[in-house]
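Comments concern the structure below.
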Amino acid sequence: MKGFRYLDHTADIQSLSWGRTLEEAFSQCALSLMTVITSNLEKISHTVEKSLKIKAEDKEALLFDFLSEFLFIFDVEGLVFNEINIESINKINNEYELEAIVRGEEFDKNKHEVGTEVKAITYSFINIEESTEGVKIKIVFDI
Amino acid sequence: MNVNKIEENIYEITPKALMVRLQGKIERFQMNVPVRIYANEYILERIKQDRTLDQISNVACLPGIRKHAIALSDAHQGYGFCIGGVAGTDAETGMISPGGVGYDINCGVRLIRTSLEEKDVKKIMPNLLDSIFRNIPSGLGSKGKLNISYSDLDDVLNNGLNWALDKGYALENDLKHCEENGFLMDANADIISQKAKQRAIKQLGSLGSGNHFIEIQRVDEIYNENIAKKLGIIKKNQIAVMVHTGSRALGHQVCTDSLRNIEKAMKNYQIRVPDRELACVPANTPEAQNYLSQMASAANFGFCNRQLITHWLRESFQNVFKEDLDALDLNLIYGVCHNILKIEEHEVNGEKMMLNIHRKGATRAFPPGHPELPQDYKEIGQPALIPGTMGSASYLCVGKPKAMELSFGSTAHGSGRVMSRSKAKRSYWGNQIKEELSKKGILVKAASIQVIAEEAPGAYKDIDQVVNVSHELDIVEKVVRFVPIGVVKG
């Protein structure tokens, strides 16, 4: 019970991702971001592994900062990922902390699908819905 | 949403309470001013199809907002503010909202005229597009050809087009014919995050992707010959080039950083907003001043980005046509910013006051005589550039006095989308669009075939109707209509 799809948004991309846990839904959400950049994630091999640690004041901000990190890594190191393992999301005092291991490789326009550049992650209509059935996330990416 | 027709092309939503779900809780917000929508029936019907009106109603709730929150005729759903949105807040106590400018700070458009005619360009078009495509980096993750140091980057951020002029990438006339002369002086490179600098250092002089483009256009119709002549447009089928791009990741990261900074600060000022993307603080706070300075720096990067592209365009034309600049002209008619915040004087209820004018997907359109206009355009008004899609027209207009009364001196910035990118991809094939455009005499060269489908002309509103609303309201006067014959997409 995990996955993502895109909802209709006039100008930008709104993604809906879901998973049984917050970690799983966050990971699907990151994959939905990667898919905008390069549509066939299966073409990405695993030559690079990175560990990420993000801290923020609430879950929405944690997601915003986590996803923004992928845009930074893409611009600076040119890396795309198709394996996003979120090991934990914990609330420590008044802060949320996420730890993840991600695997992928350098983007190569001759090997990978050339998608659309994502300018930024937005808070617009952001929604993280947690229930007994699982977690659903709605978020808009600025194109 | 209750939308009342005030008069032809003017609609209004009267201030009311909004009930909004925020982090699972329903909260109440009050609109402080009415929403104004400049549209005809065709456009209003399309605007109502998405959440544009919810978004501009949220903007009307911002503390210190004056007169009205505006959705222009190209308005569509964005994030936080709608796109095609204008809002003015009190210069001292009113809000400064990074979301009211957007991530692509100083995204804008330039129009460069040539002395060439369609017949000179038509046959050689594939070579010309190839040359431009090779010479100007475009598409996903595109990086500029310049290898600049971090201290050069600081110069760009602090000095805008003055840097480009010093380095030989600009002509003096480029500065004169650019909004703000291509330089916002509140810039301060020292407060820009290392992250923003790292993301952008390789991107100076690149087009990016999405809706950004370089278009070779021909003059299709001249509506006002006198004004057109003053702008150097003298005949039908004369060739001009339009460039649309912004400040790349520099602007994106500045907005991201500032949004996070401001949303943390707003709790201290007891400010609540109906959408977290509208995070804002009063203008007279250190956080707002910090954003304005960062925004100015990003805007300077945007000016230089379009300038380098212009420089390389000039090179490509000279190489392909084997003629020099004097013969080819290639002078800048004008350059506008359409995602920016300016502190401007406007009249509200008969009283002159300074306002923080947020333009998000809106083009400044100042009337004749305005002090901000370059000397040679004082009499005709500020050129306002409104591009269409790769399959439709683009307009060169000039600002009129009515713009000051109706829209804080602003007009639309493009056609405005009506269809989502995902639906466009389901509805169109990139290659088919390319073929159809080619039958219409428009050659397209793109870094991504997927982007052609996303940017299909059918995904946008009818540009002629969008511009006609501003023209009929006398916000602007149409001067020249251009149609594309060659397109480079990122």
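The values are calculated or read from the model by the stated rules, or taken from the named source; none is laboratory data. Quantities reported herein were computed from a predicted structural model and do not represent experimental measurements. Glycine gets a Cβ as well: all are built from the backbone with ideal geometry, and neighbour counts include every protein chain shown.
List the residue pairs whose Cβ atoms are under 7 Å apart, where the first residue sits in the stretch B:204-232 and is part of a helix (DSSP H, G or I), the second is at pLDDT 95 or above, and the two are 6 or more positions apart or on different chains.
B:227/B:380; B:227/B:398; B:227/B:479; B:228/B:222; B:228/B:479; B:228/B:480; B:230/B:380
Specify which of the listed residues (A:63, A:71, A:33, A:79) is crowded, with 22+ Cβ neighbours inside 10 Å, within 11 Å of another protein chain (Cβ to nearest Cβ) and not basic (Lys, Arg).
When all the criteria are applied, what remains is A:71.
Under 30 Å from residue B:375 (Cβ atoms) and either more than 14 Å from chain A (Cβ to nearest Cβ) or among the polar types (S, T, N, Q) (or both): is that true of residue B:129 in this structure?
no
Out of all the residues in the stretch B:29-47, which are in contact (Cβ under 8 Å) with a residue 60 or more places away in the chain and in contact with a helix residue (DSSP H, G or I) (Cβ under 8 Å, 6 or more places away or on another chain)?
Listed by number, the residues that qualify are B:29, B:36, B:38, B:39, B:40, B:42, B:43.
If residue B:418 passes every condition in (1) over 15 Å from residue B:486 (Cα atoms); (2) out of contact with any helix residue (DSSP H, G or I) (no Cβ under 8 Å at 6 or more places or on another chain) but one, which one does it miss?
Here residue B:418 meets the rest and fails (2).
Evaluate the stretch A:37-53: report whether one residue or more is free of Cβ contacts under 8 Å to residues at least 60 places away in the same chain, away from chain B (no Cβ under 14 Å) and surrounded by 22 or more Cβ atoms within 10 Å (Cβ to Cβ).
No: the stretch A:37-53 contains no residue that is free of Cβ contacts under 8 Å to residues at least 60 places away in the same chain, away from chain B (no Cβ under 14 Å) and surrounded by 22 or more Cβ atoms within 10 Å (Cβ to Cβ).
For the stretch B:175-188, give me each residue that is touching a Ser or Thr at 6+ places or on another chain (Cβ under 7 Å) and either closer than 17 Å to residue B:335 by Cβ or buried (at least 21 other Cβ atoms within 10 Å of the Cβ) (or both).
If we filter the stretch B:175-188 for residues that are touching a Ser or Thr at 6+ places or on another chain (Cβ under 7 Å), which is where we start, we get B:186-188.
Across the stretch B:175-188, the qualifying residue is only B:187.
Taking the criterion of being acidic (Asp, Glu) and assigned to a strand (DSSP E or B), would at least one residue in the stretch A:25-47 satisfy it?
Looking for residues that are acidic (Asp, Glu) and assigned to a strand (DSSP E or B), one finds none in the stretch A:25-47, hence no.
Quick one: residue B:297 ticks every box in (1) closer than 17 Å to residue B:161 by Cβ; (2) out of contact with any Phe, Trp or Tyr (no Cβ under 7 Å at 6 or more places or on another chain); (3) not in a helix (DSSP H, G or I) except a single one, so which number is it?
(3)
I'd like the full set of residues that are part of a loop (DSSP other than H, G, I, E, B) and at pLDDT below 95, limited to the stretch B:431-453.
The answer is B:447, B:448.
Among the residues of the stretch B:98-142 satisfying the criterion of being within 15 Å of the chain's Cα centre (by Cα) and hydrophobic (A, V, I, L, M, F, W, C), which is surrounded by the most Cβ atoms within 10 Å (Cβ to Cβ)?
Only one residue tops the list, namely B:105.
Out of B:206, B:193, I need the residue that is modelled with pLDDT of 95 or more, among the polar types (S, T, N, Q), under 26 Å from residue B:256 (Cβ atoms) and within 21 Å of the chain's Cα centre (by Cα). Which one?
Answer to the selection: B:206.
Looking at the stretch A:85-104, is at least one residue more than 30 Å from residue B:415 (Cα to Cα), in contact (Cβ under 8 Å) with a residue 60 or more places away in the chain, of a type in the set (S, T, N, Q) and assigned to a strand (DSSP E or B)?
Within the stretch A:85-104 (the criterion being more than 30 Å from residue B:415 (Cα to Cα), in contact (Cβ under 8 Å) with a residue 60 or more places away in the chain, of a type in the set (S, T, N, Q) and assigned to a strand (DSSP E or B)), the answer is yes, since at least one residue qualifies.
Give just the number: which of (1) more than 14 Å from chain B (Cβ to nearest Cβ); (2) more than 16 Å from the chain's Cα centre (by Cα); (3) crowded, with 18+ Cβ neighbours inside 10 Å; (4) among the hydrophobic types (A, V, I, L, M, F, W, C) does residue A:11 not satisfy?
(1)
Among (1) in a loop (DSSP other than H, G, I, E, B); (2) more than 16 Å from the chain's Cα centre (by Cα); (3) buried (at least 16 other Cβ atoms within 10 Å of the Cβ), where does residue B:425 come up short?
Checking residue B:425 against (1) in a loop (DSSP other than H, G, I, E, B); (2) more than 16 Å from the chain's Cα centre (by Cα); (3) buried (at least 16 other Cβ atoms within 10 Å of the Cβ), the one that fails is (1).
For the stretch A:82-98, which positions are crowded, with 19+ Cβ neighbours inside 10 Å and under 12 Å from the mean Cα position of the chain (by Cα)? Walk me through it before giving the result.
In the first step, residues of the stretch A:82-98 are kept if they are crowded, with 19+ Cβ neighbours inside 10 Å; the result is A:82, A:84, A:86, A:89, A:96, A:98.
Within the stretch A:82-98, A:82, A:84, A:86 qualify.
On the basis of being under 17 Å from residue B:469 (Cα atoms) and crowded, with 24+ Cβ neighbours inside 10 Å, does residue B:393 make the cut?
No: the conditions fail for residue B:393.
Pull up the stretch B:163-174, narrow it to residues that are over 19 Å from residue B:375 (Cα atoms) and not aliphatic (A, V, I, L, M), then point me to the one that is surrounded by the most Cβ atoms within 10 Å (Cβ to Cβ).
B:163
Listed here are the residues, each with its yes/no results for (1) within 14 Å of another protein chain (Cβ to nearest Cβ); (2) under 30 Å from residue B:355 (Cβ atoms); (3) out of contact with any Gly (no Cβ under 9 Å at 6 or more places or on another chain).
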site	(1), (2), (3)
B:430	yes, no, yes
B:436	no, no, no
B:455	yes, no, no
B:458	yes, no, no
B:473	no, yes, yes
B:476	no, yes, no
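Pairs please, first residue from the stretch B:95-124 and more than 14 Å from chain A (Cβ to nearest Cβ), second anywhere and of a type in the set (Lys, Arg) and surrounded by 24 or more Cβ atoms within 10 Å (Cβ to Cβ), Cβ atoms under 6 Å, 6+ apart in sequence or on different chains.
Between residues of the stretch B:95-124 that are more than 14 Å from chain A (Cβ to nearest Cβ) and residues that are of a type in the set (Lys, Arg) and surrounded by 24 or more Cβ atoms within 10 Å (Cβ to Cβ), the close pairs are B:110/B:306.
Just checking, which of B:253, B:198, B:270 is surrounded by fewer than 23 Cβ atoms within 10 Å (Cβ to Cβ), facing chain A (nearest Cβ under 10 Å) and either out of contact with any Phe, Trp or Tyr (no Cβ under 6 Å at 6 or more places or on another chain) or under 22 Å from residue B:413 (Cβ atoms) (or both)?
B:198
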